[in-house]
Amino acid sequence: MQEQGIKFRNKIVSKKVPKDPRIKELKYWCKEFHLHNFAPPYKGGSCGNLSFRLQNNKNHFIITGSRSGLKNALTNNYFVEVSFVDLKKGIVYSQGKREPSSESMLHFAVYHRRKDVNAVFHGHSKEILSCKNKFKIPETKKEAPYGTFELAQGVLEILDDNFFLLLKNHGFVSLGKTMKEAGKLALQFYQKCYNKKKTKVKIIKKKFCT
């Protein structure tokens with residue numbers, strides 16, 4: 001069984017459900033990630049998480065909630081607003097009826113470092129992982145457990161001005177100035193890699209879920 005759930009302390013500021021109109025577009029990309037198997041389902045949820053920045057130059061964002069099945073017809077109840085993350089103490093401050101995604105620290109770290117990024121999409125694809133060398137996709141130096149500060153730190157080490165990154169033996173992070181950019185970039189890499197790699201690829205299986 002795959003490991004599930006958050007690894008940080010979640011401080012609920014409010015249980016008010018997010019109502020931002022841009023959630024409609026986020027729902028669309030959640031569906032696309034499910035259809036392309038970027039967010040493999042498990043009992044009670046999906047292994048993948050997507051978010052968008054709420055306001056320019058601010059680090060708060062709306063993200064898929066923990067244990068949210070992206071194959072479902074998602075309502076706003078499945079999304080959570082994250083207002084702040086204390087990376088050193090491992091505390092996430094959130095608003096909503098669910099716990100925020102296990103990778104909320106990773107999303108916050110990217111928004112904090114890169115003010116030009118307004119969408120962070122994290123998914124999984126053996127096809128993309130298999131062709132990292134061909135397309136010279138930046139990859140984290142070490143494998144790290146999902147939902148940890150170590151994983152977020154590993155991304156920051158190679159982030160620079162890149163918009164597409166790999167998490168070693170884990171998955172990918174697609175960034176964009178808009179949700180459309182982040183989503184299309186993930187699809188483009190998948191199409192390139194799938195066309196070039198039709199055979200089965202053996203990868204190390206680890207536990208990583210939202």
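Would you check if there is a residue in the range 93-110 being small (Gly, Ala, Ser), more than 15 Å from the chain's Cα centre (by Cα) and in a strand (DSSP E or B)? Show your work before the answer.
Pass one, the range 93-110, residues small (Gly, Ala, Ser): 94, 96, 101-102, 104, 109.
Next, from what is left, pick out any that are more than 15 Å from the chain's Cα centre (by Cα): 94, 96.
Next, only the ones that are in a strand (DSSP E or B) stay: 94.
Yes; the residues of the range 93-110 include at least one that is small (Gly, Ala, Ser), more than 15 Å from the chain's Cα centre (by Cα) and in a strand (DSSP E or B).
With (1) more than 16 Å from the chain's Cα centre (by Cα); (2) closer than 19 Å to Leu185 by Cβ; (3) of a type in the set (Val, Ile, Thr) as the list, and Val120 as the residue in question, which single condition is left unmet?
(1)
For residues in the range 109-126 being touching a strand residue (DSSP E or B) at 6+ places or on another chain (Cβ under 8 Å) and closer than 18 Å to Ala39 by Cα, which is surrounded by the most Cβ atoms within 10 Å (Cβ to Cβ)?
Filtering the range 109-126 for residues that are touching a strand residue (DSSP E or B) at 6+ places or on another chain (Cβ under 8 Å) and closer than 18 Å to Ala39 by Cα, the one surrounded by the most Cβ atoms within 10 Å (Cβ to Cβ) comes out as His122.
When you scan the range 127-162, how many residues do you find that are of a type in the set (S, T, N, Q) and exposed (fewer than 15 other Cβ atoms within 10 Å of the Cβ)? Explain how you work it out, then say what you get.
So the first thing to find is which residues in the range 127-162 are of a type in the set (S, T, N, Q), and the list is 130, 133, 140, 148, 153, 162.
Next, only the ones that are exposed (fewer than 15 other Cβ atoms within 10 Å of the Cβ) stay: 133, 162.
Result for the range 127-162: 2.
Please state which of the following conditions Glu127 fails to meet, knowing it meets all the rest: (1) in a helix (DSSP H, G or I); (2) under 24 Å from Phe52 (Cα atoms); (3) in contact with a Cys (Cβ under 8 Å, 6 or more places away or on another chain).
If we test Glu127 against (1) in a helix (DSSP H, G or I); (2) under 24 Å from Phe52 (Cα atoms); (3) in contact with a Cys (Cβ under 8 Å, 6 or more places away or on another chain), just (2) comes out false.
Against the conditions (1) over 27 Å from Phe189 (Cβ atoms); (2) touching a Gly at 6+ places or on another chain (Cβ under 6 Å), where does Trp29 fall short? Just the number, please.
Condition not satisfied by Trp29: (1).
Which one of these does Lys89 not meet: (1) at pLDDT 95 or above; (2) over 29 Å from Tyr194 (Cβ atoms)?
Single failed check for Lys89: (1).
Among the strands (runs of 3 or more DSSP E) contained in the range 1-90, which hold 2 or more residues that are within 25 Å of Leu167 (Cβ to Cβ) and of a type in the set (Phe, Trp, Tyr)?
Details: elements: 9-14, 49-53, 61-64, 79-86.
Filter on the range 1-90 gives 79-86.
Would you point out the residue of the range 146-173, among those that are in contact with a strand residue (DSSP E or B) (Cβ under 6 Å, 6 or more places away or on another chain) and in a loop (DSSP other than H, G, I, E, B), that is nearest to Ala39 (Cα to Cα)?
Lys168
For the range 23-65: of the residues being surrounded by fewer than 24 Cβ atoms within 10 Å (Cβ to Cβ) and among the hydroxyl-bearing types (Ser, Thr, Tyr), which is modelled with the highest pLDDT?
The residue in question is Tyr28.
Tell me yes or no: at least one residue of the range 92-101 is crowded, with 19+ Cβ neighbours inside 10 Å and under 21 Å from Ala182 (Cα atoms).
yes
Matching residues to (1) among the polar types (S, T, N, Q); (2) in contact with a helix residue (DSSP H, G or I) (Cβ under 9 Å, 6 or more places away or on another chain); (3) closer than 25 Å to Val17 by Cβ:
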{"position": "Lys58", "(1), (2), (3)": "no, yes, yes"}
{"position": "Arg114", "(1), (2), (3)": "no, yes, no"}
{"position": "Glu127", "(1), (2), (3)": "no, yes, no"}
{"position": "Asn133", "(1), (2), (3)": "yes, no, no"}
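Would you pick out the residues in the range 130-145 that are more than 12 Å from Lys168 (Cβ to Cβ) and either within 15 Å of the chain's Cα centre (by Cα) or assigned to a loop (DSSP other than H, G, I, E, B) (or both)?
First pass over the range 130-145, keeping only residues more than 12 Å from Lys168 (Cβ to Cβ): 130-131, 133-136.
The answer is Cys131, Asn133, Lys134, Phe135, Lys136.
The values are calculated or read from the model by the stated rules, or taken from the named source; none is laboratory data. Worth saying up front: this structure is predicted, and the values here are computed from it rather than measured. Neighbour counts run over all protein chains shown; Cβ positions are idealised from the backbone, glycine included.
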